[in-house]
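S.K.: The structure that follows is given in the form of structure tokens.
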Amino acid sequence: MTRPLVAVRSVSKNFGEFCALDRVSLDVRAGEVLCLIGASGSGKTTLLRCINQLTSADSGGIWLDGELLGVREEGGRLHRLTERQIARQRLKTGMVFQRFNLFPHKTALENITEGPVQVQGRSKQDARAEAMELLGRVGLAAKADAYPSQLSGGQQQRVAIARALAMKPMLMLFDEPTSALDPELVGEVLAVMKELARSGMTMMVVTHELGFAREVADTVVYMDHGAIVESGPAAEVLGKPREVRTQSFLSAVI
Amino acid sequence: MRAAPTLAEGFPDLSGVTVARQAHWGRWLAAAAILVVLAAIGRAFVNGQIEWSYVSRFLTAKVILEGIINTMVMAVLAMALGIVLGVIVAIMRLSSNPVLASVAAGYTWLFRGTPLILQLLLWFNLALVFPTIGIPGLWSARAVDVMTPFLSALLGLGINQGAYTSEVMRAGMLSVDAGQYEAAQAIGMGRLRALRRIILPQAMRVVIPPLGNEFIGMVKATSLASVIQYPELLHSAENIYYANSRVIELLIVAGFWYLLVVSILTPLQMLLERRFARGAAQVAR
């Protein structure tokens, strides 16, 4: 079996008394689309944030492209990496947030070029040309000079996806990308994500859009109380769930 | 075509009827009363013991104009020092490093907790504590020569301003959504770069109105430097009235110039606010 792009092994995370992640292990192969489903508070978002190191796991390990994230093993102990090293590791992942988090003082184009120019040190010209290409890909070439406040939620989220892609990540993380959108705007964001999945991008998507999961996901993981209850091919987990908890969640959602 | 719904009788159509202007008697009455009071005050000043010819003569006297320039130079430099210190201290205060955070809190506590005029006197009289100051082995000088009125005033006003500005800056940074910092991190930015590129520019929008306030305060606070012989506007006015005893006339001259400077600053602040409002949705007024 080939090495998975992402390997999560026995990752636990507590916030005080609350157990957000309970010995979670999973693999994501390159090119795979994995959807995380479950009730709010089940740990899906925390898992994504651990992979992007916005949150650090209490125990366990996460490997991305064969590299251990956030810590280094030396003399039988784990030592935290410096902020600079973590920032470098983060470049391999792109993150799309539920609330978009576009930079409001920058135009759509500037939002996208900010990372390539400031962090990766690429020339402004190159970055702009590529940002325009990305804006075209998400269908917003005409909005390059618009500020986020002048864009609808769906447009903002598509710019946010372009911003993450501009860093040329090997893994894209989506944290409930359509939950903050008006219902009529959900489709345009999902369409961009489907196109991205077809292009072969490895994606981990926390979502409540089961239709999207059924259509696009290779693997669906159902989480409850910080633990993985059931995972497998989308058709199986969503169509013929084996676990009682998965069944009751799905019947409550549909 | 859809039939109009049947409406109940007895409610006439008022859509064509004009609305009459209100009389506002209270406004006229209040305006009249205030005019009477103002006229009385004006009369009192005209008939009072003020030699208005002195006011007009000294309004553009060389010493007074130099005083204004010194006031403005000091206000701008001390404010610049205050903003630099304020940003650094605010970042320290919000740092996860407990040593930096407590040093920052201690600085704010110390310089906000003592009167500005006392701090100015302390800086000016530093020579009493340290006759010579310098870096051992590299450079040293007599404190009396170094702590000129100018430097004492700059340090006193600037460091005091830094304590206030740091709180303004901290409020500005806290007003920026935490998601902005996470988004900056997610595209690989370190803490300082995220602050400089993402957080501070957004904080500026919130911070400019209170900073404008602080700067206006600073223009007037420079007058305290008159006690340590810095030749600013009030000090110049005092020097003249010590000689000619026209106390009120020269205080009016100084007051006029302070008022004029502050009046010019207000529209400048609006220009700055517009500059930093880029991308902000127009808020309904």
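S.K.: With no solvent and one equal point scatterer placed on each C-alpha of segment A:6-52, evaluate the Debye formula and give log10 I(q)/I(0) for q = 0.28, 0.30 Å⁻¹, two decimals.
M.R.: Once normalised to I(0) and log-transformed, intensities are -1.21, -1.31.
S.K.: Starting from the Cα gyration tensor of chain A, multiply each eigenvalue by 5, take the square root, and state the resulting semi-axes largest first in whole Å.
M.R.: Values: eigenvalues 170, 116, 49 Å².
Semi-axes, largest first: 29, 24, 16 Å.
S.K.: From the P(r) of segment A:140-254, could you give the percentage of C-alpha pairs in the tail past 20 Å?
M.R.: Working: 3087 of 6555 pairs.
Cα-Cα pairs in segment A:140-254 separated by more than 20 Å: 47 percent.
S.K.: With +1 assigned to the C-beta of every Lys and Arg and -1 to the C-beta of every Asp and Glu, and no other charges, what is the dipole magnitude of chain A about the Cα centre in debye, to the nearest 20? Walk me through the numbers on the way to the answer.
M.R.: Values: 30 positive and 29 negative charges, 119 e Å.
In debye, rounded to 20, chain A gives about 580.
S.K.: Assuming a ≥ b ≥ c are the square roots of the Cα gyration tensor eigenvalues, decide whether segment A:31-123 counts as rounded (a/c under 1.5), prolate (otherwise, with a/b larger than b/c) or oblate. Working shown, then result.
M.R.: On the way: a/c = 2.20, a/b = 1.26, b/c = 1.74.
Note, shape of segment A:31-123 comes out oblate.
S.K.: Please compute the average number of Cβ atoms from other chains found within 10 Å of each residue's Cβ in peptide B:273-280.
M.R.: Working: counts 0, 0, 0, 1, 1, 5, 13, 4.
Rounded to a whole number, the mean comes out at 3.
S.K.: I would also like to ask the following. Measure out, as a whole number of angstrom, how far apart the alpha-carbon centroids of segment A:112-187 and segment B:119-133 sit.
M.R.: 57
S.K.: OK, next. Taking only C-alpha pairs under 8 Å that are 6+ residues apart, what is the relative contact order of chain B in percent? Intermediate values should be presented prior to the final figure.
M.R.: Details: 265 pairs, mean separation 69.0, N = 285.
Here the relative contact order equals 24 percent.
S.K.: Based on the Kirkwood radius over alpha-carbon pairs, what is the Stokes-Einstein translational diffusion coefficient of segment B:84-217 at 4 °C with 1.567 mPa s viscosity, in µm²/s?
M.R.: On the way: Rh = 16.8 Å.
The estimated diffusion coefficient comes to 77 µm²/s.
S.K.: Taking a 22 Å limit on the Cα-Cα distance, which of the listed pairs A:LYS44/A:LYS168; A:LYS168/A:LYS194; A:LYS13/A:LYS44; A:LYS44/A:LYS194; B:LYS62/B:LYS220 fall beyond it?
M.R.: Details: A:LYS44/A:LYS168 24 Å; A:LYS168/A:LYS194 18 Å; A:LYS13/A:LYS44 12 Å; A:LYS44/A:LYS194 20 Å; B:LYS62/B:LYS220 20 Å.
Over 22 Å apart, Cα to Cα: A:LYS44/A:LYS168.
S.K.: Equivalent-ellipsoid semi-axes (√(5λ), Cα gyration tensor) for the protein assembly as shown, whole Å, largest first?
M.R.: Details: eigenvalues 723, 274, 79 Å².
Sorted largest first and rounded, they come to 60, 37, 20 Å.
S.K.: What's the magnitude of the charge dipole for segment B:116-202 around its Cα centre, counting Lys and Arg as +1 and Asp and Glu as -1 at the beta-carbon? Answer in Debye, nearest 20.
M.R.: Working: 6 positive and 4 negative charges, 43 e Å.
Dipole magnitude for segment B:116-202 comes out near 200 debye.
S.K.: How long is segment B:1-97 along each principal axis, judged by its Cα atoms, biggest number first, in Å?
M.R.: 82, 65, 25
S.K.: What does the average come to when, for each residue of peptide A:96-108, you count the partner chain Cβ atoms lying within 10 Å of its Cβ?
M.R.: On the way: counts 2, 4, 1, 4, 2, 10, 4, 10, 11, 12, 6, 2, 0.
Across the residues of A:96-108, the mean count of other-chain Cβ atoms within 10 Å is 5.
S.K.: For a protection proxy built on the mean count of beta-carbon atoms within 10 angstrom, sort B:247-253, A:45-51, A:14-20 highest first, please.
M.R.: Descending mean neighbour count gives A:45-51, B:247-253, A:14-20.
S.K.: Okay, moving on. Tell me which of B:LEU81, A:ALA235, A:GLY154 sits at the most positive position along the dipole axis of the protein assembly as shown, charges placed on C-beta atoms (Lys, Arg +1; Asp, Glu -1).
M.R.: B:LEU81
S.K.: Putting +1 on Lys and Arg Cβ atoms and -1 on Asp and Glu Cβ atoms, find which of B:GLY162, B:MET173, B:PRO149 reaches farthest to the positive end of the dipole of segment B:133-233.
M.R.: About the Cα centre, the residue reaching furthest to the positive side is B:MET173.
S.K.: Rank by packing, highest mean first: peptides B:49-61, B:100-112, with packing defined as the count of other Cβ atoms within 10 Å averaged across residues.
M.R.: On the way: B:49-61: 13.2, B:100-112: 15.5.
Descending mean neighbour count gives B:100-112, B:49-61.
S.K.: If you don't mind, another one. Using the alpha carbon gyration tensor of segment B:19-173, what are the three equivalent-ellipsoid semi-axes (square root of 5 times each eigenvalue), largest first, in whole Å? Before the final figure, lay out each step's value.
M.R.: Values: eigenvalues 419, 168, 34 Å².
Sorted largest first and rounded, they come to 46, 29, 13 Å.
S.K.: Moving on to the next point. Using 7 Å Cα-to-Cβ label points, what is the B:ASP145/B:PHE45 separation (nm, one decimal)?
M.R.: Each label point lies 7 Å from its Cα, and together they span 4.9 nm.
S.K.: Pull out a ≥ b ≥ c, the square roots of the eigenvalues of the alpha-carbon gyration tensor of segment B:127-285, then state rounded if a/c is under 1.5, prolate if not and a/b is larger than b/c, and oblate in the remaining case.
M.R.: Details: a/c = 4.18, a/b = 1.44, b/c = 2.90.
It comes out oblate by the Cα gyration axes.
S.K.: Next up: From zero up to wherever the largest Cα-Cα distance of segment B:26-82 sits, split into 10 Å bins and tell me the percent of pairs in each.
M.R.: 19, 21, 22, 25, 13
S.K.: Moving to a separate point now. Relative contact order for chain A using alpha-carbon pairs under 8 Å, separation at least 6, rounded to a whole percent? Don't skip to the answer; put the middle values down first.
M.R.: Numbers: 461 pairs, mean separation 65.9, N = 254.
After rounding, I find 26 percent.
S.K.: Let me ask something else. Under Stokes-Einstein, with the Kirkwood radius over Cα pairs standing in for Rh, what whole-number D in µm²/s applies to chain B at 20 °C and 1.002 mPa s?
M.R.: Numbers: Rh = 23.8 Å.
The calculation lands on 90 µm²/s.
S.K.: Using only the alpha carbon atoms of segment B:74-116, find the Kirkwood hydrodynamic radius as the inverse mean reciprocal pair distance, in angstroms to one decimal. Write out the running numbers ahead of the final one.
M.R.: Values: mean 1/r = 0.0908 Å⁻¹.
Here the Kirkwood hydrodynamic radius works out to 11.0 Å.
S.K.: May I ask for log10 I(q)/I(0) of segment B:188-263 at q = 0.15 Å⁻¹, from a Debye sum over the Cα atoms as equal point scatterers with solvent left out?
M.R.: -0.65
S.K.: For a protection proxy built on the mean count of beta-carbon atoms within 10 angstrom, sort A:133-141, B:171-179, B:220-228 highest first, please. Don't skip to the answer; put the middle values down first.
M.R.: On the way: A:133-141: 18.1, B:171-179: 15.4, B:220-228: 20.8.
So the peptides A:133-141, B:171-179, B:220-228, ranked by packing, come out B:220-228, A:133-141, B:171-179.
S.K.: State the Cα centre-to-centre distance between segment A:216-251 and segment B:1-80 in whole Å.
M.R.: 69
S.K.: Looking at the square roots a ≥ b ≥ c of the eigenvalues of the Cα gyration tensor of segment A:94-163, which shape do they give, rounded for a/c under 1.5, prolate if a/b is larger than b/c, or oblate? List each step's numbers first, then the result.
M.R.: Values: a/c = 1.67, a/b = 1.38, b/c = 1.21.
It is prolate, given that a/c is not under 1.5 and a/b is the larger ratio.
S.K.: Across peptide B:198-207, what mean number of C-beta atoms from other chains lies inside 10 Å of a residue's C-beta? Spell out each step's value before the answer.
M.R.: Working: counts 7, 1, 0, 4, 4, 0, 1, 2, 0, 0.
Average per residue, whole number: 2.
Each reported figure results from applying straightforward, stated rules to the coordinates on display, with no laboratory input. What you are looking at is a predicted structure, and each value in this text was computed from that prediction instead of being measured. As a convention, Cβ positions derive from the backbone with ideal geometry for all residues, glycine included, and neighbour counts pool all protein chains shown.
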